[in-house]
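Visitor: Would you mind keeping the following structure in view while I ask a few things?
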Amino acid sequence: MIACHECDFLHSKPPIPKGGKALCTRCGAFLYQNIPNSLEKVLALNQAALLLLIMANVFPFVSLKLSGRVETNVLISGALAIYRLGMREVGILVILTSFIFPFLTITGMLYILFPLTFGHRPWKMAPVYRLVQALAPWSLLGVFMLGVLISIVKLLDLATITPGISLYSFVGLMVVSAAANANLDAFLIWPPMKLEPMGNGSGDTAAKRGLIACHTCALLVPETGQNDHGHGVCPRCESPLHSRKTNSLTRTWALICAAAILYIPANVYPVMTVIQFGRGDPNTILVGIVHLIEGGMWGLAMIIFFASIVVPVLKLIVLSFLLITIQKKSSWRFRDRALLFRVIEAVGAWSMVDVYVVAILAGLVNLGALSTIRPGIGVSFFGAVVVITMFAARGFDPRLIWDHQERP
């Protein structure tokens, strides 16, 4: 059997056709898939991803030519530029999410998959896999690529932009990494285990049957054998077990309130200052959107508006709504509320695009009095909002939505 990680509903696990996917009949969440030669495919794709990541950081990324002066940058130039300008927290955030976390997830999967393809279990596989699971949502290659495209379009009227080998390598890295994630059948990583007979169980929840689903390997474990901290331990991967995330509602409320407070200075203070011929023009998020509209860049303006205004506000509103309905034990549209959470969890990281745009522009446009872009304090507040709302979504337990449903 398998328990849905979003609603705790139990399902039998029948075989599915090659290339097929199984979805939860209760909430519609993804359960598992059947990918032929999954481990071999993902191993090859991660090898290619590691090579492309190295190339993306070794060769020139883009070159900017303005009035005879040429500024050539590598991938991490923007993060280093912001760090040197005193905004260390933003520089660290950019380099973590665009290079270090992707590197760790790729090398972590290679560490696991190389021995497994030869029939051996790697040493400390479970903690390495948990690390990969934890870092994967923070590996924002696609968001960074969108930030690059927006930055290039914004600079086309200012200077001549020449893409480097690194940029093409990064595009390949983004595609290959997405393919690796799509082809992974995580159940093949873990050896089967025979526990106590559990019967069919379909049509019930794991909690009602006295079972806990391991978040790392998805093994169903009887709710017994608590450790000193009140949690069980998975017998297959030794991960801590919990029927529901500890203090999920309280923690999510605290993070939402913190993000809402920080969102005010994020929109009041400038996120960057454009200096041309010695004169500075500070831009807040809204001012930047207005400038894009005035320049006829409606598409870019809509992207920035959606990522910087709509998504953060939507996350705060939806998470607050979900928390209130759970605390009120509401029976309103369980499946729709689950879908709402799934949507905000999927789009939440895309708000980081504004932070990336500022970092990339600060790294590219550094031509002294002729033309220079400097980050503003607003980008620090906005980056904090994005990170905190992502933590809030990760800390929220969607199974709580369904706990007050009388019948599945």
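Visitor: For Arg88 and Leu51, compute 0.36 nm times the residue count separating them, minus their Cα-Cα distance, and round to one decimal in nm.
Guide: Numbers: separation 37, 0.36 × 37 = 13.32 nm, distance 2.84 nm.
Gain on stretching Arg88 to Leu51: 10.5 nm.
Visitor: Under the rule of at least 5 residues apart or a separate chain, name every residue whose amide H is placed under 5 Å from the amide H of Ile35.
Guide: Gly19
Visitor: Ranked by Cβ crowding within 10 angstrom, fewest neighbours first, how are Asp281, Asp157 ordered?
Guide: On the way: Asp281 12, Asp157 9.
Fewest to most other Cβ atoms nearby, the residues stand as Asp157, Asp281.
Visitor: Let me ask another. From the phi angles alone, apply the Karplus equation (6.51, -1.76, 1.60; θ = phi - 60°) to segment 312-326 and give each ³J(HN,Hα) in whole Hz, x where the residue is Gly or Pro.
Guide: x, 5, 4, 4, 5, 5, 5, 4, 4, 4, 5, 5, 5, 5, 5
Visitor: Once both labels are modelled 7 Å past Cα along the beta-carbon direction, what's the Ile377-Arg244 spacing in nm?
Guide: Roughly 4.1 nm, to one decimal.
Visitor: Ordered by residue, what ³J(HN,Hα) values in Hz, to whole numbers, does segment 253-264 give under the Karplus form 6.51 cos²θ - 1.76 cosθ + 1.60, where θ = phi - 60° and Gly and Pro are x?
Guide: Running phi through 6.51 cos²θ - 1.76 cosθ + 1.60 with θ = phi - 60° gives 4, 4, 5, 4, 4, 5, 5, 4, 5, 6, 5, 5 Hz.
Visitor: Then there is this: Only one of the listed values, (1) 87, 56, 43; (2) 61, 46, 39; (3) 76, 52, 40, was derived from the coordinates as Cα extents along the principal axes in Å; which label is it?
Guide: Checked against the structure: label (3).
Visitor: To continue, here is another question. Find how much the distance from Thr72 to Leu339 grows on full extension, using 0.36 nm per residue of separation minus their present alpha carbon separation; answer in nm with one decimal. Don't skip to the answer; put the middle values down first.
Guide: On the way: separation 267, 0.36 × 267 = 96.12 nm, distance 4.42 nm.
Working it through step by step, the gained length comes to 91.7 nm.
Visitor: In nm, to one decimal, how far is the Ala22 label point from the His120 one, both placed 7 Å along Cα→Cβ?
Guide: 3.2
Visitor: Work out the length of the dipole vector of the chain about its Cα centre, built from +1 on the beta-carbon of each Lys and Arg and -1 on the beta-carbon of each Asp and Glu, and round it to the nearest 20 debye. Please list the in-between numbers first.
Guide: Working: 32 positive and 20 negative charges, 95 e Å.
Its charge dipole is roughly 460 debye.
Visitor: What is the set of long-range amide H partners of Thr205 at a cut-off below 5 Å, with H atoms built 1.01 Å from backbone N?
Guide: For Thr205, the qualifying residues are Leu10.
Visitor: Can you list the HN-Hα couplings for segment 105-114, worked out from phi with the Karplus curve (6.51, -1.76, 1.60; θ = phi - 60°), rounded to whole Hz and with x for Gly and Pro?
Guide: Running phi through 6.51 cos²θ - 1.76 cosθ + 1.60 with θ = phi - 60° gives 5, 5, 5, x, 5, 5, 4, 7, 7, 4 Hz.
Visitor: Which residues' amide hydrogens lie under 5 Å from the amide hydrogen of Met272, considering only partners 5 or more residues apart or on another chain, with H built in the peptide plane?
Guide: Hits under the 5 Å cutoff: Asn283, Gly376.
Visitor: So if each residue of separation counts as 0.36 nm, and I subtract the Cα-Cα distance between Cys257 and Leu156, what length gain in nm does that give?
Guide: Full extension from Cys257 to Leu156 adds 32.4 nm.
Visitor: To make sure I understand the rule: partners must be lysines, Cα under 17 Å from the Cα of Lys21, and not fewer than 8 residues away in the same chain. Which ones qualify?
Guide: Lys13
Visitor: Based on the Cβ-Cβ distance from Phe30 to Gln327, what FRET efficiency comes out when R0 is 30 Å, to the nearest 0.05?
Guide: 0.65
Visitor: Let me ask something else. Report the Cα centroid-to-centroid distance between segment 279-325 and segment 81-129 in angstrom, as an integer.
Guide: Taking the Cα centre of segment 81-129 as reference, the centre of segment 279-325 is 30 Å away.
Visitor: Next up: Counting Lys +1, Arg +1, Asp -1, Glu -1, what net charge surrounds Trp190 among other residues with beta carbon under 13 Å of its beta carbon?
Guide: Neighbourhood net charge equals +1.
Visitor: If packing is taken as the average number of other Cβ atoms within 10 Å across a peptide's residues, how do 387-393, 174-180, 57-63 rank, most packed first?
Guide: Most protected by this proxy first, the peptides run 387-393, 174-180, 57-63.
Visitor: Related question: Any idea which of Ile16, Ala134, Val94 is furthest toward the positive side of the dipole for segment 2-402, if Lys and Arg beta-carbons carry +1 and Asp and Glu beta-carbons -1?
Guide: Ile16
Visitor: Here is a follow-up. Determine the relative contact order of segment 2-402: mean sequence separation of Cα pairs under 8 Å and six or more apart, normalised by residue count, in whole percent.
Guide: Taking the mean separation of contacting Cα pairs over the length of segment 2-402, I get 23 percent.
Visitor: Starting from the Cα gyration tensor of segment 288-373, take the square roots of the eigenvalues, sort them a ≥ b ≥ c, and report rounded, prolate or oblate (rounded when a/c is under 1.5, otherwise prolate if a/b is larger than b/c, else oblate).
Guide: Prolate is the answer for segment 288-373, as a/c is 1.5 or above and a/b outweighs b/c.
Visitor: Could you state the principal axis extents of the C-alpha atoms in segment 1-93, from the largest down, to the nearest angstrom?
Guide: Answer, in whole Å and largest first: 66, 30, 21 Å.
Visitor: If you don't mind, another one. Taking +1 at the Cβ of each Lys and Arg and -1 at the Cβ of each Asp and Glu, which of Ile289, Gly348, Ala307 sits farthest along the dipole of the chain towards its positive end, judged by Cα position relative to the Cα centre?
Guide: It is Gly348.
Visitor: Right, another one. Please get the size of the charge dipole for segment 9-83, origin at its Cα centre, with Cβ charges of +1 on Lys and Arg and -1 on Asp and Glu, quoted in debye to the nearest 20.
Guide: Computed about the Cα centre, the dipole is about 300 debye.
Visitor: Excluding Ala258 itself, calculate the net charge of residues whose Cβ lies under 14 Å from the Cβ of Ala258, where each Lys or Arg counts +1 and each Asp or Glu counts -1.
Guide: Summing Lys/Arg as +1 and Asp/Glu as -1 gives +2.
Quick note: the coordinates plus some simple rules give every number you see, no bench work behind them. All values reported here derive from a predicted model rather than from experimental measurement. Here the Cβ is made from the backbone with ideal geometry for all residues, glycine too, and neighbour counts use every protein chain on show.
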